Amino acid sequence: MGKWFHTKLFLMIILLSLLLSVTPIDAKEKITNQNQERMRLFKKMENLYQIPWYYIAAINQFEKNIQPQRQDLPIKKGIISIFFTKNQWAGFINPNPDDHNPGTIRFFHGIGVDGNGDGKANRDDDMDVLISYLSLLSGYGTTEEHLKLWLTQYYHSEQTAKIILEIAKIYRHFNTLDVTDRVFPIPKWNNYSYRSTWGDRRGWGGLRMHEGTDIFASYGTPVRSVAYGYVEILGWNKYGGWRVGIRDANNIYYYYAHLTGFKKGLKEGDLVKPGDVIGYVGSSGYGPKGTQGKFPPHLHFGMYKFNGRTEWAFDPTPYLRAWERKMKAKR
């Protein structure tokens, strides 16, 4: 009896270990397969509507990004994340908000159309949703300037339009939807140290909360982009000194501050990938342009999220720990 129990327990442990080891790979393969399916669909839509695939992909990704951050939006599970309310879909004066009839939806000036030819305009069907959205968008023109104006009007936000176009530039430059890799901002063979300084008090320039994690390292230590991204801002800030702001396709803004300088040639509007050197550790900031040495050299690393309405900072330390473990595991 005892021997059988221990054998059974041993087999259960082995099975659990196998499941745990396989799950991340399966999840990554599932994401890759979904992205391949999305890419095929986006390129098909490009041919139909003459809207470059990377703009369609960026719109879909932006909507996917904001749904977990908003209580007024559902999290869509299909390959298309674009969401319409019932009133948008069926028409605001339609007495049947769940209407699937393309004729009556059109009569009541709803957005919904039958995109897959099944005779129904289904708000939960990926093809119907995508065709409905692109039918609206294509009527305003297909240049970046036309898209910017339409996106600003549709989302009632210049910031949203700006971010969607930045995501599109990332997809276009790297020619892929698989842009989720991350790395630790300091290369492996450099000396550095850090702990969570998120939420600490800061007094220079007025009492405020510390919105980031400080990674201490020697002057001139290379600082790397942690993600695929678009360089939104580069230059001097009286708090952060020489700093760089980079936004990725998941709508996360990475803030690198107190640098001693930037990589030669780096400028706003550039596209970077994980591991690209963007600058060097320093002690700049807390004063007018050029101020140095008011504190030990370190990288201030911050992360911010925009939900379509507001942007806020969150603690980057857990992410840094995960990226560091991944870096150290590589030979």
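Just a few scattered comments:
- Sorting I252, I164, I75, I59 from the fewest to the most surrounding beta carbons within 10 angstrom yields I75, I252, I164, I59.
- Among Q36, Q50, Q71, residue whose mean-square fluctuation peaks in a GNM of the chain (springs only between Cα atoms under 10 Å): Q71
- Within a Gaussian network of the chain (alpha carbon springs, distance under 10 Å), most fluctuating of W198, W53, W189: W189
- Pairwise FRET efficiency - H146 versus Q36, Cβ, R0 = 22 Å, nearest 0.05: 0.15
- Here W89, W312 are placed in order of increasing Cβ neighbour count within 10 Å, fewest first, which gives W312, W89.
- Remark: spin-label model distance D178-K43 equals 1.4 nm, labels positioned 7 Å along the Cα→Cβ axis.
- Simple rule: put +1 on each Lys or Arg Cβ and -1 on each Asp or Glu Cβ in the chain, find the dipole, and look at N237, I93, F108; the Cα lying farthest toward the positive end is N237.
- Distance from region 160-180 to region 227-297 (C-alpha centre basis), Å: 20 Å
- Here the contact order of the chain, divided by its residue count and restricted to Cα pairs under 8 Å and six or more residues apart, works out to 13 percent.
- P(r) histogram, all alpha-carbon pairs of the chain included - 20 Å bins from 0, percent: 26, 47, 24, 3
- FRET efficiency, 1/(1 + (r/R0)^6) with R0 51 Å, evaluated for K294 and K120 via beta carbons: 0.20
- Membrane-span-like helices of the chain, defined as complete DSSP H segments with a Cα extent of 15 Å or more along the helix axis and a mean Kyte hydropathy of at least 0.5, are identified as 126-138.
- Ascending count of other beta-carbon atoms within 10 Å, so fewest first, for T317, T221: T317, T221
- Both numbers refer to the Cα atoms of region 192-329; Rg and Dmax are 14.2, 41 Å.
Throughout, read-outs are computed from the coordinates displayed, never taken from laboratory work. Remember, it's a predicted structure, so these values are computed and weren't measured experimentally. Using ideal geometry, Cβ is built from the backbone for each residue, glycine included, and neighbour counts are taken over all protein chains shown.
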